[in-house]
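**Q** I am attaching a structure below and will ask some questions about it afterwards.
Laboratory data are not the source of any read-out in this text; all were calculated from the coordinates shown. Quick caveat, the model's predicted, so the values are computed rather than measured. Neighbour counts are summed over all protein chains in view; Cβ atoms, including those assigned to glycine, are modelled from backbone coordinates with ideal geometry.
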């Protein structure tokens, strides 16, 4: 709580991120009170520009874009959280195993890891989504996760390598603590804050992926997500027909989410930077 | 020299083989792990397009689809057969543009993607790294902070969003550039100044949307790198020695910070390729992305497989070639 | 005329983090004159501010380090140049003031040949064509015991000792008046250390420069310096000739430092200093040594001892009589 106060007071980026995040949270909350169902058609007059009654306008399918977006934000955020958590699990396992075993297993794992960085992911995701055509967004989150762990596995491996050489590791090891236990009890807590920052950037990547796949028509087009809304807008040629609000609001909202998540992750990163932390510790000591 | 081959070259060749191996294997197994029967799902798609077929041709099509998926024979046999196709880059004829072979379709689209990708990647890397380097060196200046804020706004935006925003802004709202395509609709490619200019004009928007996003990232990573390098002893030493600040900026700070930047360029080719594909879809640009998009819409499985495997091979090769050039700019690797 | 004069110099590292300001008083109220043609040693434990003092002397002050108070000036050719006068200082950088950093691995640009590094450092000061310059540099490096091949090498191809010779060559080629050395021999093995020290002394004899040498290694000071300034927790506690310091240290801290050194015959009893040096962002009140000083008195805990002069030497301790005798 103290950290939150500090960040809010002295970090502009965090203030922005916090503001944007509050908007997102509000929209997710509002989705539960939506007067229209997530999948209902023709419930409002079609193709109306923004007005007091429909602040973001309505689309050609007779849906209110604002309320539609509340569902979309909720679903996209759920997808992002699923993708980020699943990929974190994979990254932690790969990173820890490579870092602790070292030697040949490490080399093999890292070669595989780097291959996943080099391979263009989008075509493969497209292939998968084509075959599974129209899968629900939470499955899509899991599939995206399968390809989104490699960067962070590398990060965790290098963290592990440095933690493994610390004195306290040796002390614990020679006093008879099992390596498994040391990893879970002593090392994982060190990594959790750093993982937090990577979760944010992974979430924004996953949302972007979903939008991309949905727009090509590979998502389940009945369930609203940010991508699905844009898909329908482009299916109805909203730019050519002049219904600009149909694309403008979802795009602005996603841009806002991306920037918010990114600022969150950078300001967290700065807050958790070992050098910054060191300064805060020595400052506490002198207080 | 022998040591150089062993320490530097060998792991990179291994990496090259592994990338292709993993890519092809994933492409092979993906359809097999799916709960949906790919043949049935493709058939449904083809029928959904409104084609009416007699039962005999349905059966024939099912057979040929099975053959394409490599679903005939045992799993190891299928896998080997798939590899044979991947190695010879022969994915049979396209289903929708029968009997044009897939490789011919890819060959036709590849230059557009390569041109767009290489130019955009080159420009964004050079410009982003340069600006990031200068901004990192003059960290406390106003313009440096301003540029950083801009980069932070650009970098997290996905390629699709930037492409569609560019299109809306500069093709619909302010119709400065063409909405899509690679050259005016209805014209035939020819070697004339006018045609080349119109190709450039059509390439600007897709290129710009790729460049802006890419620049954000290269700027931020170079700036972070520079602030680390500036704290290095050799920079402090040169400053105490009165070496001109232009020289310190370029020959000391930037020259050292560019090395990791080059390595991350290699690693980024894959994801920028993904960006190029989606940008092509938005702008109707006749590259691999559009080919893929059309293949998905028509269920042309052989084209999808062909594009995926060939793009993996192409990108792995590009990374390998760049890796081989890298020792030229890092003397430490050259002499080891 | 003194080459450098410092008067009540205060330089602090000022860091701001999430609203909290942290001030590290690395150099606190230091007054010091550096005389021509002398080798002045600055000694003390790590973290006592000696490297910061050298940073100030070499005019490579970067934020968060800031000079907050005091007067500091160079005197070259009868002209006074105040610290911070960047335009005037730039003229003198390397031609008059040279700097030899810690003998670490990263002082030379790793992707630049030694030849080009030499060109970078000398191009404003010599007005001859590159070929002739290269010939002269080769000659000079040979005098320092380096082969001509070095010029075309990258730093990673040289050993630590060779690199340090290259750096000394870079620093002394223009025969500067003032050479600032920061731990020039750490990270080198003992035999190489000896060679480097001899080289520095030889150069000083030939060129008549003033050398300021910062090191925690008292043996090195005994070997090479004329005068030693002892620093503790950002303050100067004693300044005297090398002979005086080793024969008859006045300040308890100096005495403790010397007693922690083994003598050649190994007969003396070694006593170390207990405890840790204070955190410079929060130094103790009174005399900064008092928590660790075995001779501490009541007023040491509250009052700060001023630097007093005893004949030709100075020290800051209450327990020295006006006649310059230790009263402990």
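**Q** How many percent of DSSP beta bridges within the protein assembly as shown run antiparallel, rounded to 5? Kindly include the intermediate steps, with their values, before the conclusion.
**A** On the way: 36 of 55 bridges.
Antiparallel bridges make up about 65 percent of those DSSP assigns within the protein assembly as shown.
**Q** Can you pull the Kirkwood radius for region B:166-258, inverse mean 1/r over Cα pairs, to one decimal in Å?
**A** Working: mean 1/r = 0.0595 Å⁻¹.
In region B:166-258 this quantity evaluates to 16.8 Å.
**Q** Same structure again: Per Stokes-Einstein, at 4 °C and 1.567 mPa s, what whole-number D in µm² s⁻¹ belongs to the protein assembly as shown, with the Kirkwood radius over Cα pairs as the hydrodynamic radius?
**A** In µm²/s, the coefficient rounds to 40.
**Q** Over the Cα atoms of region A:106-191, what radius of gyration and what Dmax do you get, in Å?
**A** Looking at region A:106-191, its Cα Rg and Dmax stand at 18.1, 55 Å.
**Q** Subtracting the Cα-Cα distance from 0.36 nm times the residue separation, let me have the gained length for residue B:2 to residue B:80 in nm, one decimal.
**A** 24.6 nm
**Q** For region C:26-118, treating each Cα as an identical point scatterer without solvent, what Debye log10 I(q)/I(0) comes out at q = 0.17 1/Å?
**A** The Cα Debye sum returns log10 ratios of -0.95.
**Q** Based on Cα coordinates alone, diagonalise the gyration tensor for region B:197-336, multiply each eigenvalue by 5, take square roots, and list the semi-axes in whole Å, largest first. Provide the component values of the computation, followed by the final result.
**A** Details: eigenvalues 317, 69, 26 Å².
Taking √(5λ) for each eigenvalue gives 40, 19, 11 Å, largest first.
**Q** Can you give the average number of partner chain beta-carbon atoms within 10 Å of each beta-carbon in peptide B:284-296, as a whole number?
**A** Per residue, the number of nearby Cβ atoms from other chains is 2 on average.
**Q** Mind ranking A:251-263, C:76-88 by how tightly packed they are, going by the mean number of other C-beta atoms within 10 angstrom, highest first? It would help to have the intermediate numbers written out before the result.
**A** Details: A:251-263: 21.5, C:76-88: 12.3.
For the peptides A:251-263, C:76-88, the packing ranking is A:251-263, C:76-88.
**Q** Further, regarding this structure: Compute for region B:111-300: radius of gyration divided by Kirkwood radius, i.e. Rg/Rh, restricted to C-alpha atoms, rounded to two decimals.
**A** In region B:111-300, Rg relative to Rh is 1.08.
**Q** Quick one, what does Rg over Rh come out to for chain A if you take C-alpha atoms and the Kirkwood Rh?
**A** On the way: Rg = 22.4 Å, Rh = 21.2 Å.
That ratio equals 1.06.
**Q** Over region B:150-197, what per residue volume does the convex hull of the Cα atoms give, in whole Å³?
**A** Output value, Cα hull per residue: 120 Å³.
**Q** Using a Gaussian network model of chain B with C-alpha springs under 10 Å, which one of B:82, B:195, B:130 is most mobile by mean-square fluctuation?
**A** Its mean-square fluctuation being the largest, the pick is B:195.
**Q** Also: What is the Å³ per residue value for the convex hull set by the Cα atoms of region C:128-245?
**A** 128
**Q** Something else about it: If I take R0 = 30 Å and measure r between the Cβ atoms of residue C:263 and residue C:186 in this structure, what FRET efficiency does the formula 1/(1 + (r/R0)^6) give, to the nearest 0.05?
**A** Once rounded, the FRET efficiency stands at 0.85.
**Q** Tell me, what is the FRET efficiency for residue A:5 and residue B:123 to the nearest 0.05, using R0 = 56 angstrom and their Cβ-Cβ distance as r?
**A** It comes out at approximately 0.80.
**Q** Here's a follow-up. Give me the inter-chain shielding for A:231-241: mean count of other chain Cβ atoms within 10 Å, whole number please. Numbers along the way, then the final one.
**A** Details: counts 0, 0, 1, 2, 0, 0, 0, 1, 7, 2, 0.
Per residue, the average neighbour count from other chains is 1.
**Q** Springs between alpha-carbon atoms under 10 Å, Gaussian network over chain B: tell me which of B:209, B:274, B:109 tops the mean-square fluctuations.
**A** Highest fluctuation among the options: B:274.
**Q** May I ask you to list the residues of region A:62-80 whose amide nitrogen lies under 16 Å from a point 7 Å from Cα along the Cα→beta-carbon direction of residue A:252?
**A** Backbone N within reach: A:65-70.
**Q** Over chain B, calculate the relative contact order: mean separation of alpha carbon pairs under 8 Å at least 6 apart, over the residue count, as a percent.
**A** Computed over chain B, the figure is 29 percent.
**Q** With springs only between Cα atoms under 10 Å apart, run a GNM on chain A and tell me which of A:213, A:52, A:247 wobbles the most.
**A** Result: A:52 has the largest fluctuation of those listed.
**Q** Show that you can apply the helix-only estimate: for the protein assembly as shown, add -39,500 (n - 2.57) for every DSSP H stretch of four or more residues, divide by all residues, and state [θ] at 222 nm to the nearest 500.
**A** Details: 35 runs with 536 residues, N = 951.
The helix-only estimate for the protein assembly as shown comes to -18500 deg cm²/dmol at 222 nm.
**Q** Be a star and scan region A:194-219 for residues whose amide nitrogen sits under 20 Å from the point 7 Å along the Cα-to-Cβ vector of residue A:39.
**A** Output list for this probe position: A:214-215, A:217-219.
**Q** How many angstrom lie between the Cα centre of region A:31-51 and the Cα centre of region B:198-246?
**A** If we compute the Cα centre of each part, the gap is 47 Å.
**Q** In addition: Measure nothing fancy, just the Cα-based angle from helix B:55-69's long axis to the longest principal axis of chain B, in degrees from 0 to 90, nearest 10.
**A** On a 0 to 90 degree scale, this one is about 30.
**Q** While we're looking at this one, here's another question. Evaluate region A:42-100: find the radius of gyration of its Cα atoms, find its Kirkwood radius, and give the ratio Rg to Rh.
**A** 1.42
**Q** Taking every eigenvalue of the Cα gyration tensor of chain B, multiplying by 5 and rooting it, what semi-axes result, largest first, whole Å?
**A** On the way: eigenvalues 380, 147, 54 Å².
Equivalent ellipsoid semi-axes, largest first: 44, 27, 16 Å.
**Q** Now for a different question. Sorted from largest down, give the three principal axis spans of the alpha carbons of chain C, whole angstrom values.
**A** Per principal axis, max minus min of the Cα coordinates gives 68, 53, 43 Å.
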